[in-house]
Structures are given as structure tokens and as C-alpha cells.
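Right, one structure below, let's go through it.
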Amino acid sequence: MDALVVAEERTSPCCVSLVNSARSLNAGSGRSNACRYVLVPTRGPATLLLPLQPSSSIHLHMTEPLLGRSINRLEDERFVQGRGRYIADLAAPHALHGVVVRSTHAHARIIAIRVDAARQMPGVAAVLTGIELASDNIGPLPCGVTSIPMTTPLVVPPCHALARDVVRYVGEPVAFVVAESAESARDAAEAVVVDYEPLQPVISMADAVLPGAPSIWPEASNNIAFQFNRGEIGPVEAAIRGAAHLVECELVNNRVIAAPLETRGALGAFDASSGRLHLTASAAGAHLIRDLLADRVFRIPREKLRVSIPDVGGGFGMKNALYPEWVLVLWAARRLGRQVKWIGDRSEDFVASTHGRDSVARARIALDRDGRFLALETKVLANLGAYVSTVAPAVPTMAMASAMGGVYDIPLIAFQTRGVFTNTTPVDAYRGAGKPEANYLIERCIDIAAAELAMDALELRHKNIFRRFPHHSAMGLLVEQGSFAHAIDHAVAAASGFDVRRQGSRERGKLRGLGYACFLETARGQPNEVAEVSFGEDGWIYLKVGTHSNGQGHETTYAQIAADTLGLPLERFRFRQGDTDDLDSGGGHGGARSMHQGGTALLLAAEGLIENARRLAARLLQASVDAIQYEAGMLRVGATGQEISLNEVARASYQVPSDDIAPGLAHQATHLCDRYTFPNGCHVAEIEINPATGEVTLDRYVIFDDYGRLLDPRLTLGQVHGGVAQGIGQALFEQVLFDAETGQILSGSLMDYALPRAADLPSFEGSLTPDFPSSANRLGVKGSGQAGAIAAPATIMNALMNALTPLGVRHLDMPATPSRIWHAIQAARSRSPSPGRETASPAQ
């Protein structure tokens, strides 16, 4: 039934009659499915008699609370049934297809790009080079974090989507071929001939910073992009001079490849009528990508560029960056007036997607006679590759500094990082982004110190953890609370019986090692977040959040938050993410921020929707707002018992325009927060080594972690397990290698780059404690997405060194491959007067 409109004043006799009519109609609705009516004031001198859905047809029952429970992931059903919408799945029947012609040299001058033959091939729409890019005034890819307080100015050389004049790494884009099919584009790409004049490449950081090294960028003296200092070096040096003990070490954090299941891809479109560009990409931060592309590359208003992101099959930080291909598909689509699609293959992902880690740290740690830490000095060389990628400068500076020192009370810390250019693939954020590097350094330093000083490594940890909260770290952070001693004690208990297991390994001719590592993450990512909750006209409740999931389970956890806040069943909600047309801003993925920032924003948005509903319900029920109570999908006048469902109020919001209540009761909220959460814990690993081959078996891995309140324990544990697996991969298997002379990648496929497999991992043990909720957000959560990758590398390497130290092995860098272990054992035996004899293990 349509609404009835009365155009008289609300106080007129006709309006009073209408009120009585509504009451009469409602009273006479004897059938359970009869329509109910309510009187609705409007902005003008009119009143609506509005038909509302019968409450019996609405599922309003409140289920038991969902937060704190482990439930099946909502998104998994469509994923396992093949109904995921990844970039390669998107239908674009009339799209052109792009293929990138890439540099085969690590460093060379471009003499000529011969494209005539390729342009004449069947189906080819265009072959574009840096010449056309310059003529269309397309700007270079910018760095997104240029406000870091560097000690020396940050050098950001121009990174064009297609190289101009000089190429600086193998895989750098040189030309973009666009054709009617991917096959035609590939054939034409092979017909593009590039004439190069080879230049001397600089591959290692050590070579790059040597006096007289070939210059990659003339504006970067000694190939240094920046220097960053944090902490006062004078007091640290004084503490070192007066210390009873000084331990020095150099630690390599090996370069790795993210290798997500889904490679990168993009679809560019241009609407000539509106002049609007639309990028759809396998990425992880729609708003940052839009802002950088609009402001700096295409130089257009932000509203003229839409960025949307479908399902993403993993990213681990790699898909947060701005890439040349995003520019190329948009530029080509605008030039040619058709959609342009590019899907990268695995080989391209290995050479042209950003790599992770790759730093060398030299540390000095001072201790007093009792083993208490006095000071820590750290100097880091961080490889940037050939260009300054999107957030790369933040990783070895602000991010790494924030976590320096870990869970330990170190009064004085001096930290220095220099970013170095090399002729290699650019490096950017990878799971943890600076925090794993900081934690690896302190946790390995402790075990090295214990071995050199004949101290117990666990006792050193216990003695130096900070116990009083809030704690002001030497790096300037205020740590609210933690359960460090609790976690260590649990880890020690988990290792009970190790001596018996070690003896069993000896009897089989194997070495067994036990390793511990604590961690303290500074989790926040981009400060602040935006979320919106609204009822659609189709009856669904839509959740829009500015974060982005690439496998974390956001579709489930955000729905759990909204369901508990609104008191409605989980199946009522639909989740939307990764579209700049849905929300004007958003911080995207990274920094273990989604529940801390996005979850709290969603909670605020849901509460705002309830307030909108209370205000509209007050008008519908002719009561004061203060008299309206909300519970489990129903709004009631407390004094009279009159009630109306949230569904009915939402429906009324579409039929009665209002200046102060949006259709669908929509409420957008911003969580303004620059505070960190502090996930922490202690991990323990047991490994077994075959000394004849160097083969490592990871026998046990135990986790005792604190992530604050657990919104969905199983999802949280899954995040931690994934991070641990990647940390194990870095410690034992993964390393990007380049030829030292030519800069050609030597680990350019899964035939040459080793990833951990299920058979390499044990069933993880341990538990998560929910007893220390964070005060940095109303949900009490702490970030869990990165922590496993922060703790695992040091845990594994400490276990390996525990097994190898009795043989005389003093140092081993990641990855501890069988070859490296075998050679280390042989070298130690060649120095030992009794090479085959194992001595007592150092205390753990």
C-alpha cells in the first residue's frame, strides 16, 4: 500500500483525524501478517501515513554474543566454491590486453626502442614508450611517505611508469604493448627491440656505499638515499665505555619475495562523457593509490579517479605499493578509449613486484656485571633497490625504531639507518615491515651475549624485561602493559623434557636445538580509520570500512562486531571494502591495524546508526528521543511499551527525507587514533639437524602470545600461524639472489626460490591469552596479523645455534639452508682438535 499524504498542518483537525485513523488501522490488524501504519512528520506542512512491514516477518531475535567465539568464516563458502571475484576473473569482454616489455639489464642506457614491427602486427592497438608518456605529461610514481624526520634529506629520484634514457634494474618497464588479446600482445612484445648500452651495475649494499662506486643516481651521494637517526649517540657511547661487558654482532636480514597465491593484475577504464578514470586492481589500499595517482601522476581532481579492489589472493604488504602497471592501464585506456587489462605472471611478480627485508645491522650492546642491559647502539644499511618505493623509507626508520629494544628495559638506545640504492628490484613493506628486523636483532643479540659471556639466555631475558607499566621506552613510546614474564614462564614449561629428547636425537646421530625468542610489536599502521553502516533498500545491512582484507577474514569479524552492537543475526550483514566511491578515505591494509583502527570505527558507526534510528523512531512514535530505548533490533518507548522495529525505521528513512537522518539510517564514523597497540609473547622451537647433510627438521613450535581481547580466537590463531610460517620460511628457506656481476635474478621462479611447504611445518602448539586488553581502542584488541613473522625468525635461528654451538659453530645467517649448515659444521670441525665430539650445550 502506498503512503497517504496529508498536506495540512500537523495540529489541524484533519491531522488529528489521521492519527486516530492510524491507531484504528493498527488496532484492527488482527492477522499476524497484517500491515501496520505509523504517522510520519515531514520537513514541510505535510504528514505521511506510512504502511510498515509486519514485525512477525522480520528476524529480530538476538543470538548469543558472537565476539569472543570462533565461527566459520563467512567468505570461505564462496571461496571454496569458486565464487571469489579476483582481478583475473572480472569480465571485460571488450577490453584490450596489455603486456609489459621489461629491461633485461640491471643498469644500461637506452639507445633506441624499435617498435615499428610490433605496431604492424595483427590485433595490436598500441605500443607505448616513455616518449609517449612524456608527451602526455604523465608524472612519475611518487613516494607516499616523504615527511619522515630524516637526518639527511630524503632523495626520491623520478620513477616513471616506463623507463626514460636509463634502466636501473632487471624487470623495469620499458614499453607497454596493447592488443586485442593477451596472446597478440605477447607476440608483439617479443617483436619490440631495445638497444642498450650496458653500464656497470651495483648489486650489493656493501659495494654501493664504497668510495668511487658507480653512481645509480647522481643526486644520491655514495648511493645513499637518506640517513635517519633516533636517540643520542653520546650517552650511549659513554655507557659502552663504562660497561663491564660489551657484545658486538652483525646480522643479515635476507631479502625475500612475498609470493602471494594471486599475482598482481589491473583493469583500467575511462569514461569519456565524465572524464573519469577507473582502476580495478589486485591491491590493498584503494585510497592511498587513488590519492597518489590523482595528485601526482595524472594531476586530476581525486573525484575524477575511482579505485576499486575485488577479492585479493594474498599480499603481505607487497600489494600496498603503487606500481607502474596501475599507471599504464589507466593511461592506455584514456588514450585508446577502451578498457585495458593486464595480468602479471609469476616471473613478472618475482622481478617487478617489490621485495621485502634486505638489511644488514651492526649492533653493540653494553651490560653491567650482573647482566643488566645499559645501552644498545645499532647501525643499519637498508637496501631500497633502484627506486624509493611507496612506503619504503618508513620501514627501516620509523617502523624499525619503534620496536627497537623489544620487551627489554634498555635505558639508552642510539639507532641509525642509511637507505641504499642498488641496481635491484625496489624493496618495500613486507609482513611486519621493520618490526621483524628490530626483533631479530635484539633476540639474536641476547643469545649471542649469553654464549660469549657464559650466561643463561633465559635468565638474561627475565632479568631485563620491563615489568612496570606504563613503560616509557628509550625510543619514546609509552607501552601500556604486557605479560612478558608470564609468556616466558609458559615457554619454559613447554620445553620440559628437552634433555631427554636431545639424548634421543644423539642416539640417532642427530643434533637437537632449543630456541626461545620474545617479541613486542608496535602495531598501528596508518593512524585513524573510517567506517559506515547503513540499511540498503534491499533489506541488507551494509558495512563499509576503509581497511582492506587480502585473506584475514574481515568479512567475518566486522560482521561479528556489527551483529553484537546491533543485536541482529550475522546473516543480515553484507561487507564492502576497497572502493573509493563507497568511502572517501581509508587507511587500507598494513601495520596490523584493521581491528584496532577499522573495528573501532565500525563500532562507532553502528552506534551512530542506532542513534539515527532512535531519533527517527521518536518522531514515528511521537515520543522524546530520550524515551526511546534500543535492544536487539527493536526501539521502544520505555514508559508506554510502544515499539517499532529497526527494519521499519530504516524503511521509513527512505520514504521520509530528512535533513539530519540519511536514507538507510546511514552513519559514517571516523576513529581518530594515533596510539599503538603492543602485541607480545614468547615462542619456543625445537629443531633437529642431520650433521651429515645439514638437513633441518622443525620438530616443535610453541606459541604463547597476548593479542588483547580475542574477537574470534580461531581467526586470530590463523593469522598468527600464517605469520609464523612466513617467519620460518625466511629463517630456513627463502632468499632472493642476484648475480653479482650482471644483476640478473637467480631465484626468479618457484624452481629456484624455496617456500615452506606443509610438510616442513609441525602442528603449532601453545595458546593466546585474552587477559590483557588494550586501552588504545574500545574493542580492547591488539594487532595479530604480523606478530608470527616477527617472532619466528629469531626463535628458529636461536634453536639452530643452540644445536650447532657445541660443534664450534659461532654464527649463521638466514636462511639456514642445509648447504650453509653443512659448510658451517665442516668449517667448525676443521678448526676443532676433536671434530666429532659434542660438548655440553650452553644454558638456555
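Using the alpha-carbon atoms, what tilt in degrees (0 to 90, nearest 10) does helix 484-494 show relative to the longest principal axis of the chain? The angle comes out near 70 degrees. Checking the Cα-Cα distances for 463/782; 463/510; 304/341; 319/379; 379/463; 319/341 against a 23 Å cut-off, the pairs over it are 463/782; 463/510; 319/379; 379/463. Spatial offset of the range 735-785 relative to the range 385-446 amounts to 16 Å, using the alpha carbon center of each. Since only 504, 224, 462 are under comparison, the one whose Cα sits farthest along the positive direction of the charge dipole of the chain, derived from C-beta charges on Lys, Arg, Asp and Glu, is 462.
Amide H contacts for residue 125 (H built 1.01 Å from N in the peptide plane; partners 5 or more residues away or on another chain; cut-off under 5 Å): 178, 179, 180. If you sort 326, 822 by accessible surface, 1.4 Å probe, largest first, the order is 822, 326.
The residues of the range 324-446 present an accessible area of 22 Å² per residue when probed at 1.4 Å with all protein chains retained. Work from the charge dipole of the chain (Cβ charges, +1 for Lys and Arg, -1 for Asp and Glu, about the Cα centre) and give the residue of 391, 483, 163 farthest towards its positive end. About the Cα centre, the residue reaching furthest to the positive side is 483.
Take residue 192: with every protein chain present and a 1.4 Å probe, its accessible area is about 20 Å².
Distance from the C-alpha centroid of the range 152-195 to that of the range 450-519: 49 Å, rounded to the whole angstrom. How big is the gap, in Å, between the Cα center of the range 539-614 and the Cα center of the range 648-702? Each part's Cα centre sits 11 Å from the other's. When +1 charges are put on Lys and Arg Cβ atoms and -1 charges on Asp and Glu Cβ atoms, the dipole computed for the chain relative to its Cα centre reaches about 440 debye. Both radii were evaluated on the Cα set of the range 602-664; the Rg over Rh quotient, with Rh as the Kirkwood radius, amounts to 0.94. Rolling a 1.4 Å probe across the protein heavy atoms gives the range 722-813 an accessible surface of 36 Å² per residue. Axis angle, to the nearest 10 degrees, between helix 554-566 and the longest C-alpha principal axis of the chain: 40 degrees.
Relative to the Cα centre, what is the charge dipole magnitude of the range 749-838, using +1 at the beta carbon of each Lys and Arg, -1 at the beta carbon of each Asp and Glu, and rounding to the nearest 20 debye? It would help to have the intermediate numbers written out before the result.
Numbers: 8 positive and 6 negative charges, 52 e Å.
Result for the range 749-838 is approximately 260 debye, rounded to the nearest 20.
Which loop-located trypsin sites (Lys or Arg not before Pro) does the range 500-593 contain, where loop means any DSSP state but H, G, I, E or B and the Cβ has at most 15 other Cβ atoms within 10 Å? Spell out each step's value before the answer.
On the way: sites: 501, 502, 506, 508, 510, 512, 524, 544, 572, 574, 576, 593; in loops: 508, 510, 524, 593.
The qualifying sites are 508.
Evaluate the relative contact order of the range 559-634 (contact order divided by residue number), counting alpha-carbon pairs under 8 angstrom at least 6 apart; express in whole percent.
Working: 41 pairs, mean separation 30.5, N = 76.
RCO, the range 559-634: 40 percent.
Near residue 321, within a Cβ-to-Cβ distance under 10 Å, what is the net charge of the other residues, with Lys and Arg +1 and Asp and Glu -1? Cβ neighbours under 10 Å give a net charge of +1. Annotation: amide H of residue 264 within the under-5 Å range of 344, sequence separation 5 or more or interchain, hydrogens built in the peptide plane.
Taking every alpha-carbon pair within the range 519-580, the share separated by more than 20 Å comes to 33 percent. Whole-Hz Karplus values for the range 99-110 come out as 9, 9, 8, 10, 5, 9, 10, 7, 7, 6, 8, 7 Hz, taken residue by residue from phi with 6.51 cos²θ - 1.76 cosθ + 1.60 and θ = phi - 60°; glycine and proline positions read x. For residue 196, the residues whose modelled amide H falls within less than 5 Å of its own, excluding neighbours fewer than 5 places apart on the same chain, are 111. Report, in degrees rounded to the nearest 10, the 0 to 90 angle that the Cα long axis of helix 435-453 makes with the longest principal axis of the chain. On a 0 to 90 degree scale, this one is about 40. The solvent-accessible area of residue 472, taken with every protein chain present and a 1.4 Å probe, is close to 140 Å².
Once neighbouring chains are kept in place and the probe is 1.4 Å, which whole percent of the accessible area of the chain is contributed by carbon and sulfur?
Working: 16560 of 32470 Å².
Here carbon and sulfur together make up 51 percent of the probe-accessible area.
Overall, the range 196-261 carries a charge dipole of about 180 debye about its Cα centre when +1 sits on the Cβ of Lys and Arg and -1 on the Cβ of Asp and Glu, all other atoms neutral. Computed from backbone phi with θ = phi - 60° and the Karplus coefficients 6.51, -1.76 and 1.60, the 3J(HN,Hα) list for the range 799-816 is 5, 4, 5, 4, 6, 8, 4, x, 8, x, 6, 9, 7, 8, 9, 6, x, 7 Hz; x is used for glycine and proline. What the phi angles of the range 331-344 give under the Karplus curve with 6.51, -1.76 and 1.60, with θ = phi - 60°, is a coupling list of 4, 5, 4, 5, 5, 9, x, 9, 4, 10, 10, 10, 10, x Hz, glycine and proline written as x. Of the residues 581, 428, 674, ranked by 1.4 Å probe accessible area with the largest first, the sequence reads 674, 581, 428. Using C-alpha pairs below 8 Å separated by at least 6 residues, the relative contact order for the chain is 14 percent. For the range 269-379, the relative contact order works out to 24 percent when only alpha carbon pairs closer than 8 Å and six or more residues apart are counted.
The values are calculated or read from the model by the stated rules, or taken from the named source; none is laboratory data. As the structure is a computational prediction, the values presented were derived from the model and not from experiment. Positions of Cβ are backbone-derived with ideal geometry, glycine not excepted, and every protein chain shown enters the neighbour counts. Note: areas computed on protein heavy atoms with side chains; ligands, DNA, RNA excluded. Shrake-Rupley method; radii C 1.70, N 1.55, O 1.52, S 1.80 Å.
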